[in-house]
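One structure is given below, encoded as structure tokens.
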Amino acid sequence: MTSAPFEDPVDGWQVLHFAVPMDAEGVSLQDDWHTLGMRATGSQTIVLDEVFVPEGAVFLRRHRGEFHDVWNVVITVALPLVMGVYVGIAERAAETALPFAARNALDPAVQWAAGEMRSALVIARTLHDHMVAMVNDLDVRPSLDLSDEMLILKTKVVEATQCTVERAVEVAGGAAFYRRNGLERLLRDVRAGQFPPTPREAATGVHRPPRPGPHPRPRLVGPHTRARTRRRLYSGIGQSPETGGGPSPQAASLAGRSQQAPAPTGIALVRSRSGVLMRARILRPGRETGNPLQPLRLSGFWRPRSDSNRRSPP
């Protein structure tokens, strides 16, 4: 069973789903299944070179680039079967690790890891049982809502199975590093669960349409953004519009809000030789306060990004 794009002279680009016998002329397998895990599945690339597909072998035509209801059927029926493999991996990892846990039963770290392993395994089994129950022996009506829920459950099953195997490795300790114990293979195999059919970031709510209305531009928070915030904070010291041109609230707070001390009128920035802002001190008219501020933790904010694009502090 496979699919291929096809440009129909009348209907335009379509995707054809059809069956091809593996022994058909022009079908070959590439030796490219060299993977981190799941090596025993033998999922080589299948090459179809000038393969004849009769009209009767095409069982579905759909418009290219559009979501088709057939995926609701595939997601609902296939995902419980696929996730059963990874639940089995987690079960095997827990069985392998328990004898190692008995050797160090009084170690609090081993106790914690074994408890986490057992909890994650129970969660994985429970969620997978729910996935199987939702299919109801194929007596089910596929829909977007059902596919969405199935993908959410799939994502959480993968997280629980991966947690189970990772905790099993911690329970076994250094013994898990040896191939003869099998845990290293199970750890590699369980990592593949995040890929079919979509990664975790795309699986949850993947079918939901976008919310109507404008989407606000996300705010990127990084060192330079924080630096600009600090710059705005200190640039108004001594010229606060809220106080009629007097000291700003930030300056009053930095000066300790002392009623005896005269209002500060500025701020001195102390830089290193490379232009990195190191600390700041409040200045009074004619003299320093003698009470320098604490370092502003800005040592990395003003570091030039390159020799040709240097940024100097204000």
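The values are calculated or read from the model by the stated rules, or taken from the named source; none is laboratory data. Given the structure is predicted, the values throughout are model-derived calculations rather than measurements. Here Cβ is always computed from backbone atoms with ideal geometry, including for glycine, and neighbour counts include all displayed protein chains.
Assorted remarks:
- Beta carbons closer than 6 Å, at least 6 apart along the sequence or on distinct chains, never pair a first residue in segment 66-79 that is modelled with pLDDT under 90 with a second that is among the polar types (S, T, N, Q) and in a helix (DSSP H, G or I).
- Test for Ala109: is it part of a helix (DSSP H, G or I), in contact with an Asp or Glu (Cβ under 6 Å, 6 or more places away or on another chain) and of a type in the set (Gly, Ala, Ser): no
- Hey, Ala97 in contact with a Ser or Thr (Cβ under 6 Å, 6 or more places away or on another chain) and buried (at least 22 other Cβ atoms within 10 Å of the Cβ) or not: no
- When Arg217, Arg188 are checked against the criterion of being modelled with pLDDT under 95, more than 15 Å from Met83 (Cβ to Cβ) and within 24 Å of the chain's Cα centre (by Cα), a single residue qualifies: Arg217.
- Filter result for Asp148 (surrounded by fewer than 13 Cβ atoms within 10 Å (Cβ to Cβ) and either out of contact with any Pro (no Cβ under 7 Å at 6 or more places or on another chain) or part of a helix (DSSP H, G or I) (or both)): no
- Looking only at segment 17-74, and only at residues there that are small (Gly, Ala, Ser), assigned to a loop (DSSP other than H, G, I, E, B) and under 37 Å from the mean Cα position of the chain (by Cα), the one that is nearest to Glu184 (Cα to Cα): Gly37
Results for (1) surrounded by 15 or more Cβ atoms within 10 Å (Cβ to Cβ); (2) hydrophobic (A, V, I, L, M, F, W, C); (3) in the same structural domain as Asp107 (by TED's automatic domain parsing); (4) under 18 Å from Val70 (Cα atoms), shown as yes or no for each residue.
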| residue | (1), (2), (3), (4) |
| --- | --- |
| Leu138 | no, yes, yes, yes |
| Ser143 | no, no, yes, yes |
| Val157 | yes, yes, yes, no |
| Val171 | yes, yes, yes, no |
| Arg180 | no, no, yes, no |
